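These notes are about the structure you will find just below.
The values are calculated or read from the model by the stated rules, or taken from the named source; none is laboratory data. Since this is a predicted model, take the numbers as computed values, not measurements. Heads up, the Cβs are rebuilt from the backbone with ideal geometry, glycines too, and the neighbour counts pull from every protein chain shown. Heads up: the accessible areas ignore ligands, DNA and RNA and are worked out on the full protein's heavy atoms, side chains in. Shrake-Rupley method; radii C 1.70, N 1.55, O 1.52, S 1.80 Å.
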Amino acid sequence: MSVAAVLTAAGSGSRLGHLLPKALVPLGGEPLVVHAARRLLAARTAAGEHVVTLVVTAPADHVDTVRSLLEGLGGDVVVVRGGPTRQSSVAAALDVLASRDGVDVVLVHDAARPLVPPALVARVVEAVRAGHDAVVPGLPVTDTVKQVGTAAGVVQPVVRTVPRGDLRAVQTPQGFRFDVLAAAHAHGSHVAHDEALAASDDAGLVELAGGAVWVVAGHEDAAKVTTARDLAVAELVLRSSARVVEEAP
Ligand code: CTP
Ligand code: MG
């Protein structure tokens, strides 16, 4: 039995506002998708498990580009054309994995989180192996969070302050027993192509299907690159964390 990973890289990156799709935008001279793939493949659990098969979702016009960028990283890397939403892209990748024998654990990771520490990847796999069917990394929320009501003008009314002690901001990679994630995607397939209704994370689909989801400690370096500011922060983080991957087995 083996661990596979889906690496989502088929988005356009409209909020980043770069000419290239976000996953192809350089960070320290290398595209985000290359950083993310290398870190997924570098992870080792305490039991020595690692990602054996990596399925990457690419923008329709960039499948060959992504394939050649990932050549030479090692591992069994498959690049597929993504769908119109993140959910549909993941579903396309799961279809590829369904035809592979022996995959019993699957990670889903966003190329938009290029600097994920390999140790975080391993932590998620270990939690799934320990018997948790769906596992997400999460960080405590540090801002005070207020729920607002709707109003016509620029000023909105506060409905309440949400107690933040039990809130977690969730990251990727999210890890699953393969059959659990496949069933959750099948259950939510009717909204897969609708950007307004599709799930923004895979654990959410498991929740909708009635499954339990567990949280392990996330990591600041796994932050998502959404805006140009996030990319500038990632450049700084890369400089201080470059050795994380170089020192990995
Ligand atoms: N993604 C994907 N297929 C899509 C949409 C998104 O594989 N149809 C991937 C993105 O490449 C990214 C991850 O899902 O790695 C998270 O999505 P997000 O951060 O929203 O990226 P984009 O959709 O590219 O950005 P934006 O929403 O700003 O356009
Ligand atoms: Mg998006």
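Among the candidates Pro31, Pro118, Pro59, single out the residue that is within 16 Å of ligand 2 (Cβ to nearest atom), more than 19 Å from Phe178 (Cβ to Cβ) and of a type outside the set (Gly, Ala, Ser). That would be Pro59, the only listed residue that is within 16 Å of ligand 2 (Cβ to nearest atom), more than 19 Å from Phe178 (Cβ to Cβ) and of a type outside the set (Gly, Ala, Ser).
Does at least one position in the stretch 142-161 carry a residue that is under 30 Å from Ala98 (Cβ atoms), of a type in the set (D, E, K, R) and not in a helix (DSSP H, G or I)? It would help to see each step written out before you state the result.
Of the residues in the stretch 142-161, the ones under 30 Å from Ala98 (Cβ atoms) are none.
No, the stretch 142-161 has no match at all.
Within the stretch 63-91, being in contact with a Leu (Cβ under 8 Å, 6 or more places away or on another chain) and within 16 Å of ligand 2 (Cβ to nearest atom) holds for one residue alone: Gln87.
Scan the stretch 58-92 for residues that are assigned to a helix (DSSP H, G or I) and more than 22 Å from Leu19 (Cα to Cα) and jot them down. Correct list: Gln87, Ser88, Val90, Ala91, Ala92. Name every residue in the stretch 194-206 that is in contact (Cβ under 8 Å) with a residue 40 or more places away in the chain and out of contact with any strand residue (DSSP E or B) (no Cβ under 7 Å at 6 or more places or on another chain), in order of residue number. The answer is Asp194, Glu195, Ala198, Ala199, Ser200, Leu205. Residues considered: Arg38, Arg100, Arg15. Of these, the only one that is surrounded by fewer than 18 Cβ atoms within 10 Å (Cβ to Cβ), within 24 Å of Val124 (Cβ to Cβ) and charged (D, E, K, R) is Arg100.
Restricted to the stretch 19-56, and to residues there that are free of Cβ contacts under 8 Å to residues at least 12 places away in the same chain and in a loop (DSSP other than H, G, I, E, B), the residue that is nearest to the chain's Cα centre (by Cα) is Leu20. Could you list, in sequence order, all residues of the stretch 1-15 that are more than 14 Å from Val66 (Cβ to Cβ) and more than 6 Å from ligand 1 (Cβ to nearest atom)? Correct list: Met1, Ser2, Val3, Ala4, Ala5.
This table checks each residue for (1) under 24 Å from Ala36 (Cα atoms); (2) part of a strand (DSSP E or B); (3) within 16 Å of ligand 2 (Cβ to nearest atom).
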position	(1), (2), (3)
Ala182	yes, no, no
His185	yes, no, no
Ser200	yes, no, yes
Gly204	yes, no, yes
Glu207	no, no, no
Ala212	no, no, no
Val215	yes, yes, no
Lys224	yes, no, yes
Leu231	yes, no, yes
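Can you confirm whether the stretch 126-134 contains a residue that is part of a strand (DSSP E or B), closer than 18 Å to Pro173 by Cα and open to solvent by less than 10 Å² (accessible area, probe 1.4 Å)? Yes, because at least one residue in the stretch 126-134 is part of a strand (DSSP E or B), closer than 18 Å to Pro173 by Cα and open to solvent by less than 10 Å² (accessible area, probe 1.4 Å).
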